[in-house]
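The values are calculated or read from the model by the stated rules, or taken from the named source; none is laboratory data. Source: prediction; values computed, not measured. Cβ atoms come from the backbone with ideal geometry, glycine included; neighbour counts cover every protein chain shown. The accessibility values were calculated without ligands, DNA or RNA, using every heavy atom of the protein model including side chains. Shrake-Rupley method; radii C 1.70, N 1.55, O 1.52, S 1.80 Å.
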Amino acid sequence: MNTKKAAAAALVAALGVTTLAACGGGDGGKDKATGTPAPKTVTLVSHDSFNASKEVLAEFTKQTGFTLKVLKSGDAGEAVNKEILTKGSPQGDVFFGVDNTLLSRALDNGIFTSYEAKGLDRIPAALQVDTEHRVTPVDSGDICVNYDKQYFADKKLAPPQTFDDLAEPAYKDLLVVENPERSSPGLGFLLGTAEKYGDAGWQDYWKKLKANGVKTVDSWELAYNQEFSGSAGGKKAKGDRPLVVSYASSPPVEVLYSEPQPKVAPTGVSTGTCFRQTEFAGLLNGAKNPEGGKALIDFLISKKFQDDMPLQMFVNPVTNDATLPELFTKHGVVVDKPETMAPDKIAANRDQWIQQWTSLVLK
């Protein structure tokens, strides 16, 4: 989900720390526990792909009186690990971007405190996986291999559509993936192969990918905007890999940021390589501004933010009253049967699988 989700901010520009203020009043309210005035700034810690329109953030300030400061903390895996290291003395008030692949790690390490957000009745119960409400679902998406349409047209080669296809000799030295230890999309792709091939088969599958020349980089930003030949960033960087692990919603990014906008997206999605991702936000344990943090979580699932989100982070909203923009529906891809995995299975196997993957692919 970032990308989640994930692609827009990296394609435009990502600032390490951003203060997003707007006209609007209010004194930030009072801390309910102490009765003292609450801080006027609420800090959101996130992966690098968080983005929102100025108009929507201005609405947050108008409604609550809080100014939003965004601290971007690397790819999702890196950002979660930083919060674990600072548990109890967090960098901010709310963390956004932990997904179902990393959720158990965050919960087991106690980085969140419970808060039942206003508006949860508009989110499907299936997405509300934590009964203690330590996290709130914000977006969902599918991690999938994307392909450069022009490359495959020039080569008169059909793009791969399934996991099996990627290991075929016709696609040797064409795929770039992200390290699952550092990257959320990389981990999602690994989990997709584990679900597809099972305990007995996923390692053999990765041996085939390695023999077929798969390339690994540390982050989605590097893979998509440097190595992938089909993205605007990759073209500028002279990337030479026409296959990349990204999102089913990535093609609209290429349309939106092209001048002039093409009628057809220059990239496609291999729909048989997908893994479903859900991203969450949570109130950080030890937050300096818990009241502001609660207001922010409420806002993240408001219709205003959910409607804005698809063309800002290129992910799917989770609320049942959200409206998808035409560009998103026209150029995005709906994945009917993505691979999925139960959270308890991810929790029981994730770290072991990452270690095994590292030994297989990187050594």
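For this structure, a couple of remarks:
- The stretch 320-348, residues that are within 22 Å of Val253 (Cβ to Cβ) and polar (S, T, N, Q): Thr323, Thr329
- If you go through the stretch 187-223 and keep only what is open to solvent by less than 10 Å² (accessible area, probe 1.4 Å), at pLDDT 95 or above and touching an Asp or Glu at 6+ places or on another chain (Cβ under 7 Å), you end up with Gly192, Ala223.
- Positions within the stretch 82-113 being surrounded by fewer than 22 Cβ atoms within 10 Å (Cβ to Cβ), hydroxyl-bearing (Ser, Thr, Tyr) and within 21 Å of Glu181 (Cβ to Cβ), in sequence order: Thr86, Ser104
- The stretch 348-363, subset open to solvent by less than 50 Å² (accessible area, probe 1.4 Å) and either over 24 Å from Ala211 (Cα atoms) or aliphatic (A, V, I, L, M) (or both), residue nearest to the chain's Cα centre (by Cα): Ile354
- Taken as a whole, the structure places Tyr147 among residues that are outside any helix (DSSP H, G or I), open to solvent by less than 50 Å² (accessible area, probe 1.4 Å), of a type in the set (Ser, Thr, Tyr) and out of contact with any helix residue (DSSP H, G or I) (no Cβ under 9 Å at 6 or more places or on another chain).
- Filter result for the condition that a residue is open to solvent by 40 Å² or more (accessible area, probe 1.4 Å), within 29 Å of Ser246 (Cβ to Cβ) and not assigned by the TED database to the domain that holds Asn349, over Glu132, Glu78, Glu116, Glu59: Glu78
- In the condition set (1) over 22 Å from Lys72 (Cα atoms); (2) among the aliphatic types (A, V, I, L, M); (3) open to solvent by less than 30 Å² (accessible area, probe 1.4 Å), Ala342 is compliant with all but (3).
- Subset of the stretch 288-301 (residues that are of a type outside the set (Phe, Trp, Tyr) and out of contact with any Lys or Arg (no Cβ under 9 Å at 6 or more places or on another chain)): Lys288, Gly293, Ala295, Leu296, Leu300
- Qualifying residue in the stretch 320-328 (condition: modelled with pLDDT of 95 or more, assigned by the TED database to the domain that holds Gln91 and open to solvent by less than 20 Å² (accessible area, probe 1.4 Å)): no
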